[in-house]
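The values are calculated or read from the model by the stated rules, or taken from the named source; none is laboratory data. This is a predicted model, so every value here is computed, not measured. Every residue, glycine among them, receives a Cβ derived from its backbone with ideal geometry; neighbour counts consider all protein chains shown. The protein model used for the area step is the full one, side chains on, heavy atoms only, and it has no ligands, DNA or RNA in it. Shrake-Rupley method; radii C 1.70, N 1.55, O 1.52, S 1.80 Å.
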Amino acid sequence: MRAPLLGVAVALALILGACASRPVGVLSPIADTAPDTTRVEMLVATTRAPSTDPGILFTGERGEKVALTAFTVSIPPDERRTIGQVQWPRRLPANPATDFATLNVAPLDGVSAAKTWLDKHLPPSGRVLIFVHGFNNRFEDAVYRFAQITHDSGSDVAPVLFTWPSRARVFDYLFDRESTIFSRDAFEETVWQVARDPRVKDVTIMAHSMGAWLAMEGLRQMAIRRGTLPPKISNVILASPDVDVDVFATQWRALERPKARFTLFVSRDDRALRVSSTIAGGIDRLGLINAQERYRELEKSGIVVIDLTAMRSGDALNHGRFASSPEVVQMIGQRLVNGQTVTDSNVSLGERIGVAAMGVGETIGAAAGLAVSAPIAVIDPTTRQNYGAQVQELGRSVQETVSDPGAD
C-alpha cells in the first residue's frame, strides 16, 4: 500500500504544480464590453454562505438559506478561445475580448423574483437545463464552467445552476460530501419550482461527480415525498458519477421506473479512477464493478452508458470530458438537451462523438468500461490554485506511512 500512496502523492504534486494561478475576485462586474462576445444569462441557486467580498460573492461554507442570483457572463469570440475551456483572466479587470468576464450580478428576492427571471429568459422551446457541479469547486468555478457548457453546447435552454457548499480543498472531501446532504432539500425544491412553472415544457438535469450523488438523492427524495417525479423532467445526465453502486441501486428503485432518460458519461482512462482504486479501500463506486450480475436491474431499466474514452480531453485527469471535449459538449446540446437520443440511426461517424452507447439488453459495465470520479481527483488544472500546502500535507502523511514499520 505504501508505493501506491507515494505514487498518488507524486501524481498530485505534478498535477497541482502545473496549475496556473488566477486572480481572486473574478465575479466583480466590469463595465467594458468587446465586439463579437457572447452573453450567457443564468439563474443561480445556492446553499453557500455569502461572502463580504463582491468579487467572490459566496464562500465554501454553508448558508442559512437558499440565495438566488441572476448572472450575466461574457464569453470571448470563438476564434480567441478553445471550445470546451474556461478562459480565466490572468489579471483584473478581465478583458472580455480574451477572457470570461462578469457583466452583471443581480440578487433576487425570493422565488417570485426567480420565476420572473425564468419567464423572461425562457426560450420558445420552454426548455430548462439545471446543472449541479462536483466536489472541490469554488463558487466562481461553477458559474464560469456552466456558462461555458451553456455556450459551447449551443443548448436552446434557460440555464439554472444549483451550487452547494464546497470548500474547494482536496482534503475537505468529507465536508463537501456532508454539504450535499445539507443541500438535498434545497435542490429538490429548486427542481420542483422550475418544473411546476406552467411555461416550462422540458427540464434536463445534468450533474457532475459528487453532484450526481446530490442529484440522485434529491430526485429520490422528491419521488418519495411527492409521489412521483415531474413529467417535465425528460433527461438526467450523470457525468463521472461519484456514487456508491449500492446506494445508486436504492436511489434508482425509489424512482420507480422514471419516464426521464438517464445517461451516464464514463471514461476508461479517467486518471481519477486510478487514484480512486487506491484510496477507496475496496469499496465499489459506480462503474468499477466487474460483476455484471449487479447491473441486471439497471440493464432492464434502459439506462444509457456512453464511453467517452476515445474523445480528446481538455484536462490532465481526463475527468471533465463531458464539458471540455468540443464534440461531447456539442452533442449534449444538439441531441440530449434538445430532446433526441444518442442511440438512434441519426448518429453518424461524422458527428465524431466516438462513443459506445448501450441500452436495454446490452451489458452495462463490461463493454462500456464504466469509469467513476474519485473523490480526491476532481482537480481541473485550468481552474485550481493554491494547493501547495495541501500537497505538502499529503506528502507528509505518505512519508509517515512509509516510515512507520507497522503500517499496512
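Taken as a whole, the condition of being open to solvent by 10 Å² or more (accessible area, probe 1.4 Å) and not charged (D, E, K, R) does not apply to residue 215.
Would you say residue 125 is touching an Asp or Glu at 6+ places or on another chain (Cβ under 6 Å), in contact (Cβ under 8 Å) with a residue 24 or more places away in the chain and farther than 17 Å from residue 70 by Cα? Judged against the criteria, residue 125 is a match.
Condition check ((1) assigned to a helix (DSSP H, G or I); (2) polar (S, T, N, Q); (3) touching a Lys or Arg at 6+ places or on another chain (Cβ under 9 Å)) across all residues:
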site: 72; (1), (2), (3): no, yes, yes
site: 90; (1), (2), (3): no, no, yes
site: 95; (1), (2), (3): no, yes, no
site: 98; (1), (2), (3): no, yes, yes
site: 125; (1), (2), (3): no, yes, yes
site: 141; (1), (2), (3): yes, no, yes
site: 145; (1), (2), (3): yes, no, no
site: 151; (1), (2), (3): yes, no, no
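How many residues are open to solvent by 40 Å² or more (accessible area, probe 1.4 Å) and part of a strand (DSSP E or B) if we restrict to region 51-70? Residues that pass the stated criteria total 6.
Looking only at residues of region 153-187 that are hydroxyl-bearing (Ser, Thr, Tyr) and in a helix (DSSP H, G or I), we find that the one that is most open to solvent (accessible area, probe 1.4 Å) is 173. The lone criterion from (1) surrounded by fewer than 22 Cβ atoms within 10 Å (Cβ to Cβ); (2) under 20 Å from the mean Cα position of the chain (by Cα); (3) at pLDDT 95 or above left unmet by residue 190 is number (1).
Being over 18 Å from residue 65 (Cα atoms), under 19 Å from the mean Cα position of the chain (by Cα) and modelled with pLDDT of 95 or more: is that true of residue 159 here?
Values: over 18 Å from residue 65 (Cα atoms): yes; under 19 Å from the mean Cα position of the chain (by Cα): yes; modelled with pLDDT of 95 or more: yes.
Considered against the rule, which asks whether it is over 18 Å from residue 65 (Cα atoms), under 19 Å from the mean Cα position of the chain (by Cα) and modelled with pLDDT of 95 or more, residue 159 comes out as yes.
Taking each residue of region 164-184 that is touching a residue at least 40 places away in the same chain (Cβ under 8 Å) and looking for partners that are small (Gly, Ala, Ser) and open to solvent by 10 Å² or more (accessible area, probe 1.4 Å) with beta-carbon atoms closer than 7 Å, six or more apart or interchain, yields 165/60; 166/60; 167/60; 168/60.
Per the conditions (1) of a type outside the set (Ser, Thr, Tyr); (2) modelled with pLDDT of 95 or more; (3) open to solvent by 30 Å² or more (accessible area, probe 1.4 Å), the sole criterion not satisfied by residue 32 is (2).
Summed over region 182-225, residues that are under 26 Å from residue 60 (Cβ atoms) and among the basic types (Lys, Arg) total 2.
Being of a type in the set (S, T, N, Q) and touching a Lys or Arg at 6+ places or on another chain (Cβ under 9 Å) is the filter here, so list the residues in region 184-227 that pass it. Don't jump to the end; show me each part of the working.
Filtering region 184-227 down to residues of a type in the set (S, T, N, Q) leaves 190, 193, 204, 209, 221.
Within region 184-227, 193, 204, 221 qualify.
Among the residues of region 194-212, the ones that are surrounded by fewer than 21 Cβ atoms within 10 Å (Cβ to Cβ) and either touching a Phe, Trp or Tyr at 6+ places or on another chain (Cβ under 8 Å) or closer than 19 Å to residue 302 by Cα (or both) come to 0 in all. Pull up region 91-115, narrow it to residues that are closer than 11 Å to residue 71 by Cβ and not aliphatic (A, V, I, L, M), then point me to the one that is surrounded by the most Cβ atoms within 10 Å (Cβ to Cβ). For region 91-115, the residue satisfying everything is 102.
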